Number of protein chains: 4
Amino acid sequence: MPIGLAGPLLVNGEYARGEFYVPLATTEGTLVASYNRGMKLLHRAGGVTTTVLDDVMQRAPAFGFDSAREARTFGRWVVANFAGIKRVAEATTHTGQLRDIEQFSASRFLFLRFNFTTGDAAGQNMAGRATEQACAWIRERYPGLREFCLESNMATDKKSSQVNILHTRGKRVVAEATISAALIREIMRTTPEQMFAARQVSNLGGMLAGVNNNGNHSANAITALFLATGQDVANVAESSAALVHSELRSGGYYYSITIPALIVASYGGGTGLPTQRECLELLGCYGPGQVGKLAEIVAATVLCGEISLGSAVVAGEWVSAHERLGRNRP
Amino acid sequence: MPIGLAGPLLVNGEYARGEFYVPLATTEGTLVASYNRGMKLLHRAGGVTTTVLDDVMQRAPAFGFDSAREARTFGRWVVANFAGIKRVAEATTHTGQLRDIEQFSASRFLFLRFNFTTGDAAGQNMAGRATEQACAWIRERYPGLREFCLESNMATDKKSSQVNILHTRGKRVVAEATISAALIREIMRTTPEQMFAARQVSNLGGMLAGVNNNGNHSANAITALFLATGQDVANVAESSAALVHSELRSGGYYYSITIPALIVASYGGGTGLPTQRECLELLGCYGPGQVGKLAEIVAATVLCGEISLGSAVVAGEWVSAHERLGRNRP
Amino acid sequence: MPIGLAGPLLVNGEYARGEFYVPLATTEGTLVASYNRGMKLLHRAGGVTTTVLDDVMQRAPAFGFDSAREARTFGRWVVANFAGIKRVAEATTHTGQLRDIEQFSASRFLFLRFNFTTGDAAGQNMAGRATEQACAWIRERYPGLREFCLESNMATDKKSSQVNILHTRGKRVVAEATISAALIREIMRTTPEQMFAARQVSNLGGMLAGVNNNGNHSANAITALFLATGQDVANVAESSAALVHSELRSGGYYYSITIPALIVASYGGGTGLPTQRECLELLGCYGPGQVGKLAEIVAATVLCGEISLGSAVVAGEWVSAHERLGRNRP
Amino acid sequence: MPIGLAGPLLVNGEYARGEFYVPLATTEGTLVASYNRGMKLLHRAGGVTTTVLDDVMQRAPAFGFDSAREARTFGRWVVANFAGIKRVAEATTHTGQLRDIEQFSASRFLFLRFNFTTGDAAGQNMAGRATEQACAWIRERYPGLREFCLESNMATDKKSSQVNILHTRGKRVVAEATISAALIREIMRTTPEQMFAARQVSNLGGMLAGVNNNGNHSANAITALFLATGQDVANVAESSAALVHSELRSGGYYYSITIPALIVASYGGGTGLPTQRECLELLGCYGPGQVGKLAEIVAATVLCGEISLGSAVVAGEWVSAHERLGRNRP
């Protein structure tokens, strides 16, 4: 698959700082052009601010009991025995740490979300192995257990879910920028007011549709970057959820996108394949300690694509007699 | 990226009939082994029955008016003028046909879902172009329009949504099979009863999580096949939604998965790249008239992976003192 | 339960036109005061525009077959035999008409949404009876049916669902108004800009929460009016879903709420009880031909409550140093 | 509104133990008969086991900052200052306690869910007042705050949401029972197998519909009991969410319903009105220390209605030639 370079992308992150040329693996050439346009706009606007808000990987086993009451009792036991569980879980890994265990209950079951930090790996396998061992330890010690299921659809690996939108899977990253009206007019041939009005319609349509992402097309950037840098592309299923929030500001347009389940790694899996490693190195993201940087670059690239596509749709299409007369617009 | 072959996959479809060796592009070797195991089981069980229930691609523009009342009036005009809209839309394409226009309303907006058949292409670009032209025709003829937005988040391209789970985007495909208890014991080392009990927990956990897929990991097969056959992998965002329904039958286990938004093409985009075309040809799915076959093969492969992973989790993990004593299980 | 009167409510509907005093049954006295305040504001702003966009009641049976393929064939038979189904369904009722049958498929099942117009009744029982008879007729004529279920959770009686938000249950009503900044300042002691900024936060929070209503508290007005006028209050479960869309306009604030599943009746059920009938008569909504008027009054009352509570929250709470300095607000 | 008595309801709760006659305020006489039938069945089956899993009331303010990074910093400050926040919040109330503050983030906002225990009151007003005071304290101490919103749609008062299904609002109650096949045949004229098969269809239909409750009609019991006992009926909006999980057991049928957001009070609001208080006293649920008992009685009544309606639908309707021949059913 051809790899195009887009950039320079200017990022004001905590891990990614400065200009980056971003490798995008895609067969659709116009995609690279569109990202380039967004990167140019945001470069002139001062860059994209990025923040990793959370970083956690899960496995969520379910435990079944004779009744809900016993499930509740078990939940208290888990709290009381967290130190032991943590010790056993962490004995299986050099990099992962069991941060906490969230509890959710329904019927006669207790669902536990084991939340691990995973260093520079995506960490699904590590989390699975560590949880399995911790659960073996639990099951030896806890009588009255009726069933145990290592998988319960409460971590939603390779699936999109509200629990992950709320509680993060992988990295929770925000990319934000404020762009002046003058730049939007010059480069995008539209106005903040028109972009914002169209965004409101997308928000309304998205709520009507029951969508997992009220933005435009974050999956395009994520997929192209995942392919180029050797990420597990199946994780696009969960990484494609997003929350867009934008605002008209005096003289400009604030736009942000929150990606609550971005799953990236700077080593392990496909990151070591020759081309993929080269792409990571181009970004300065190969190896230990680089995963935050990679997450920020992905989010910043997504933001550029959001604004580029959003403004293109608006520039071509958002017109009406009333608008041309300027009546009643914000 | 390495491509592994899994198979033979036995499909009893309407387009795909017989044995197939399925190319899976993945860096995770165990994935191919896992699919192989599921394919072996389902081959012995008589194969996977597949059905394409629907086939439709959308673009969903929004039209804004002074109030909801005018939006409703416009909706009636669209119904009355469907023939004209269809003529203009179809003039832009050789392969697409405008099947119908669904209407959804909120506030002072009318959202139209233009539903196209797209032949063997995925058809997003075609649907976009045809809708754009049709909307230009509408806007010339319809006074009182306040805004127009070609994108409104009611087609949810590259995003997962309830509207697409209900109304299909791309292909709506079902894969089903019934497997005897003897085979499950022999090959999977577990029982239908245990698999079914675990499935019920996944259903409950999935509803608690607010997941877009109560199954196991359909995105894995879809991604690996999309990569191998030159599909747009960003569509994993919407194609990863699924509905699993299973049943205990006398002497066996019925399992089905419904993929409501599977987006595949047998030509166009990346399907013409050398390796990808070769993979399509290996499946007998390259070129005109083959897209239904490809959709069925994807769905059948997904089903094999569902049962393979599901049974592995159960075989290793689903145990308890009560169960060992066989108390109270179905 | 005490009944308070709020008003005058000024409605510019198609059925409700002019001033109304609205009976609210509630033990919370401040609620009536809050609605009064909103009604005063919107009266001065020229009233609330209301529109009934759709009107339809459902029952949604499921039909099971040996495989998805037979379910699809059955769907075609249903289309071909619609006239016969309609005749049998309508023979059971004087007021209901079978408008259409929507089809949804999953696994080896076909779900049919029988959509009835129901005149002035809410119509759940009528729709149930008519669907049951129609299904009996179908089942006598259609071989190969494996199971039949009169209830399938695709009409979601007494429950909230995306399918009803998309496709309406009961009345789909929009209430809208535009209020000048001067009025908002005078009566609400806040500004359109502050209300709009707070609304954006509620939209973002709502999407994060996975809420069925991004507005404020429509259930309060709906419940109080349902109680006063003899509606089935259990329908608050589905009637409480809503979509709010608002806009800053030059010099004012446009606010709309869409209630997609408002279930009301102007006769039948509890509407004939003495006090309840009196309340309906006070609104001019008792008896045949009045249900549209009642739906519009409910929606207009909801809108007054949205703006009243929304502005109260903002007036008391939406402050910050930056805002006091007027920096960067729209 | 007429009040009917259903019962005796046999409850094996932690607060409610023994037989209860349950007052149901409804104009639909058949509803009481239907609940009676379910109560008779479950009495003979040994009663309904009920468990209150959680008990917590929220207010969820949002805090806005210049960027996501500052929002994250603020989140750490909240953790560090929890003791102070708790002290200020609890100074406003005799009964409420601030249990914890959950944090959720999106864009440049931090959403805080203040979780209060509320004793025997429903506690919305108390939680609102306490949160408001705590936030005033925070805002005095925390510089850099750009906006503050006391309401953000992350507590979803009077609305249904996934966050409340996951994290509870009011009481999280489970009601469960196991019923022998003989009893189901004798009283319900159907079989566990048929009821279970129909339930699976409802689960599938519910997932397809995007419903907030995969059960039958919990809102009916909740509304009728809320009306009779002086609860705020508008809370049916959130209290109507539910998760049903059922199982075939050797010789019987296990059925459970989890109500994650049941909002009840044994004093305050309408509970002191004469008839309502009488109804509470009839249940032994009036006054301090009785709210757990009331929650359990509501949940047990809901369960009786679930099984009664579910079996009625099945007994009348779930038939087919294949089933009559007993082919392939579990």
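The values are calculated or read from the model by the stated rules, or taken from the named source; none is laboratory data. What you are looking at is a predicted structure, and each value in this text was computed from that prediction instead of being measured. Reconstructed Cβ throughout: ideal geometry from the backbone, glycine too, with neighbour counts over all protein chains shown. What goes into the accessible areas is simple: the full protein's heavy atoms, side chains included, and nothing from ligands, DNA or RNA. Shrake-Rupley method; radii C 1.70, N 1.55, O 1.52, S 1.80 Å.
Is it fair to say C:CYS304 is closer than 27 Å to B:ARG72 by Cα, in the same structural domain as C:TYR15 (by TED's automatic domain parsing) and without any contact (Cβ under 8 Å) to a residue 60 or more places away in the chain? Against the criterion (closer than 27 Å to B:ARG72 by Cα, in the same structural domain as C:TYR15 (by TED's automatic domain parsing) and without any contact (Cβ under 8 Å) to a residue 60 or more places away in the chain), C:CYS304 does not qualify.
Please find, within segment A:232-252, the residue that is surrounded by the most Cβ atoms within 10 Å (Cβ to Cβ) out of those that are in contact (Cβ under 8 Å) with a residue 60 or more places away in the chain, away from chain B (no Cβ under 13 Å) and in contact with a Leu (Cβ under 9 Å, 6 or more places away or on another chain). This residue is A:LEU248. In this structure, does B:ARG189 turn out to be more than 27 Å from C:VAL211 (Cα to Cα), in contact (Cβ under 8 Å) with a residue 12 or more places away in the chain and open to solvent by 10 Å² or more (accessible area, probe 1.4 Å)? Taking the combined requirement at face value, the residue satisfies it. The residues of segment C:261-278 that are open to solvent by 10 Å² or more (accessible area, probe 1.4 Å) and out of contact with any Asp or Glu (no Cβ under 8 Å at 6 or more places or on another chain), listed by number, are C:GLY272, C:LEU273, C:PRO274, C:THR275, C:GLN276, C:ARG277, C:GLU278. Between D:ARG72, D:ARG87, the distinction of being facing another protein chain (nearest Cβ under 10 Å), out of contact with any helix residue (DSSP H, G or I) (no Cβ under 7 Å at 6 or more places or on another chain) and free of Cβ contacts under 8 Å to residues at least 40 places away in the same chain belongs to D:ARG72 only.
Residue check: A:THR118 meets all listed conditions (1) among the β-branched types (Val, Ile, Thr); (2) within 25 Å of the chain's Cα centre (by Cα); (3) over 20 Å from A:GLN231 (Cβ atoms) but one, namely (3). Considering the conditions (1) under 26 Å from the mean Cα position of the chain (by Cα); (2) under 22 Å from D:GLY64 (Cβ atoms); (3) open to solvent by 20 Å² or more (accessible area, probe 1.4 Å), C:GLY206 is excluded by exactly one of them, (3). The condition of being closer than 23 Å to D:GLU90 by Cα and within 12 Å of another protein chain (Cβ to nearest Cβ) holds for D:GLU132. When A:SER67 is tested against (1) in contact with a helix residue (DSSP H, G or I) (Cβ under 9 Å, 6 or more places away or on another chain); (2) within 14 Å of chain D (Cβ to nearest Cβ); (3) open to solvent by less than 30 Å² (accessible area, probe 1.4 Å); (4) not basic (Lys, Arg), only condition (1) is not met. Consider segment D:112-142 and keep the residues that are out of contact with any helix residue (DSSP H, G or I) (no Cβ under 6 Å at 6 or more places or on another chain) and assigned to a strand (DSSP E or B). The one that is most open to solvent (accessible area, probe 1.4 Å) is D:THR117. Taking the condition assigned to a helix (DSSP H, G or I) and open to solvent by less than 60 Å² (accessible area, probe 1.4 Å), does D:ARG76 pass? In short, no.
Condition check ((1) open to solvent by less than 40 Å² (accessible area, probe 1.4 Å); (2) free of Cβ contacts under 8 Å to residues at least 24 places away in the same chain; (3) of a type in the set (S, T, N, Q); (4) farther than 30 Å from C:ARG277 by Cβ) across all residues:
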| site | (1), (2), (3), (4) |
| --- | --- |
| C:PRO23 | yes, no, no, no |
| C:THR27 | no, no, yes, no |
| C:GLY47 | yes, no, no, no |
| C:THR50 | yes, no, yes, no |
| C:PRO61 | yes, no, no, yes |
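Filtering segment C:229-288 to residues that are under 30 Å from C:GLU193 (Cα atoms) and in a loop (DSSP other than H, G, I, E, B) leaves C:SER240, C:ALA241, C:SER250, C:GLY251.
Tell me whether segment D:87-99 contains one or more residues that are surrounded by 20 or more Cβ atoms within 10 Å (Cβ to Cβ) and among the aliphatic types (A, V, I, L, M). The answer is yes; a qualifying residue exists. Quick check on my filter: what residues within segment C:269-283 are in contact with a Phe, Trp or Tyr (Cβ under 9 Å, 6 or more places away or on another chain) and without any contact (Cβ under 8 Å) to a residue 40 or more places away in the chain? If the condition is that a residue be in contact with a Phe, Trp or Tyr (Cβ under 9 Å, 6 or more places away or on another chain) and without any contact (Cβ under 8 Å) to a residue 40 or more places away in the chain, then C:GLU278 is the only one that fits.
Candidates are the residues of segment A:180-217 that are part of a strand (DSSP E or B) and of a type in the set (S, T, N, Q); the one that is nearest to the other protein chains (Cβ to nearest Cβ) is A:ASN213. For segment B:143-162, taking the residues that are at the interface with chain A (Cβ under 7 Å from one of its Cβ atoms) and at positive phi, the one that is surrounded by the fewest Cβ atoms within 10 Å (Cβ to Cβ) is identified as B:LYS158. All conditions in (1) at the interface with another protein chain (Cβ under 7 Å from one of its Cβ atoms); (2) open to solvent by less than 10 Å² (accessible area, probe 1.4 Å); (3) of a type outside the set (Gly, Ala, Ser) hold for A:ILE165, with the sole exception of (2).
For (1) over 20 Å from the mean Cα position of the chain (by Cα); (2) outside any helix (DSSP H, G or I), each residue gets a yes or a no:
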site	(1), (2)
A:GLY7	yes, yes
A:LEU10	no, yes
A:GLY18	yes, yes
A:LEU24	no, yes
A:MET39	no, no
A:THR49	no, yes
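When the criteria are applied in full, B:ASN220 meets the requirement of being within 7 Å of chain A (Cβ to nearest Cβ), at pLDDT 95 or above and open to solvent by 10 Å² or more (accessible area, probe 1.4 Å).
Only a single criterion out of (1) in contact with a Ser or Thr (Cβ under 7 Å, 6 or more places away or on another chain); (2) assigned to a loop (DSSP other than H, G, I, E, B); (3) crowded, with 18+ Cβ neighbours inside 10 Å; (4) not aliphatic (A, V, I, L, M) is not satisfied by C:ASP55, namely (2).
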